[in-house]
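Contents: one structure, followed by commentary.
The values are calculated or read from the model by the stated rules, or taken from the named source; none is laboratory data. Keep in mind that what you see is a predicted model, and the values were worked out from it rather than measured. Glycine gets a Cβ as well: all are built from the backbone with ideal geometry, and neighbour counts include every protein chain shown.
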Amino acid sequence: MKRLMVDMDNCITDALFIERVNEFLGTSYNIDDQKDFELQNLTGDRKDEFWQYMSDKSFYDNAPLIDGVYDALKLLNERYDLYIVTAYIYRNSSPDISGNNLKYKYEYLKEKLPFIKPEQYIFIDNKNLIEFDIGIDDKMCNLMSSSKKILFDAWHNRNISDLELKKYDIVRVCSWKEILKILNIEKR
């Protein structure tokens, strides 16, 4: 059975990152205004304070599932050796304050996708340590150890050109319907 890696953030759910930044700063940033992951662009010299603020808050409270992901993952889970592979350490801060993020991710996955067993969750920072037949992620760098690479369109990867994607044999998708089509899986 082929091994399938699916990222969590920006593939399964749009975590409430920008909402938490706005809550912290008292601002009204829009996620579509952001082009990359550079938190400094939003929080400036309060970056460390922001991550400390987030140490006991969840990005996943009331975070919606991405349209079509529930049914798609249900089908994929029946046909593949499927794993949800997600990083939980806040890269812009001390790893010591990231522990609750792991808990929040675990609880979200367990609640929202009950047909995927916790044994199918992999919490890891460097996803390229594990090889997969198929990888679905919103970050190009996380797909390099997969044979078939699917980049899920997200606010921070829209500046990657088609030429660059082609260079690494990566296909960009904008929906779970497109993923099922690429994998030749028809919805019931």
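Quick notes
- Of all the numbered requirements in (1) under 29 Å from Met54 (Cα atoms); (2) hydrophobic (A, V, I, L, M, F, W, C); (3) over 12 Å from the mean Cα position of the chain (by Cα), Phe152 misses one, and that requirement is (3).
- Among the candidates Ile116, Ile89, Ile97, the residue that is aliphatic (A, V, I, L, M), in contact with an Asp or Glu (Cβ under 6 Å, 6 or more places away or on another chain) and within 18 Å of Asp9 (Cβ to Cβ) is uniquely Ile89.
- First in the stretch 43-63 and within 12 Å of Asn100 (Cβ to Cβ) and without any contact (Cβ under 8 Å) to a residue 60 or more places away in the chain, second anywhere and surrounded by fewer than 15 Cβ atoms within 10 Å (Cβ to Cβ) and among the charged types (D, E, K, R), Cβ under 8 Å, 6 or more apart: Tyr60/Glu107
- Tally of residues being in contact with a helix residue (DSSP H, G or I) (Cβ under 9 Å, 6 or more places away or on another chain) and within 18 Å of Ala72 (Cα to Cα) across the stretch 135-174: 11
- Residue-level check: of (1) over 15 Å from the mean Cα position of the chain (by Cα); (2) touching a residue at least 12 places away in the same chain (Cβ under 8 Å); (3) closer than 21 Å to Lys2 by Cα, Asn128 misses just (1).
- Identity of the residue in the stretch 129-188, crowded, with 17+ Cβ neighbours inside 10 Å and of a type in the set (S, T, N, Q), that ends up farthest from Leu42 (Cα to Cα): Ser146
- The single condition among (1) at pLDDT 95 or above; (2) exposed (fewer than 15 other Cβ atoms within 10 Å of the Cβ); (3) more than 17 Å from Asp61 (Cβ to Cβ) that Glu111 does not satisfy is (3).
- Test: residue in the stretch 21-33 that is touching an Asp or Glu at 6+ places or on another chain (Cβ under 9 Å) and closer than 23 Å to Lys103 by Cβ: yes
Listed here are the residues, each with its yes/no results for (1) in contact (Cβ under 8 Å) with a residue 24 or more places away in the chain; (2) closer than 24 Å to Asn30 by Cβ; (3) not hydroxyl-bearing (Ser, Thr, Tyr).
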site: Ser146; (1), (2), (3): yes, no, no
site: Phe152; (1), (2), (3): yes, yes, yes
site: Arg158; (1), (2), (3): yes, yes, yes
site: Asp162; (1), (2), (3): no, no, yes
site: Tyr168; (1), (2), (3): yes, no, no
site: Glu178; (1), (2), (3): no, no, yes
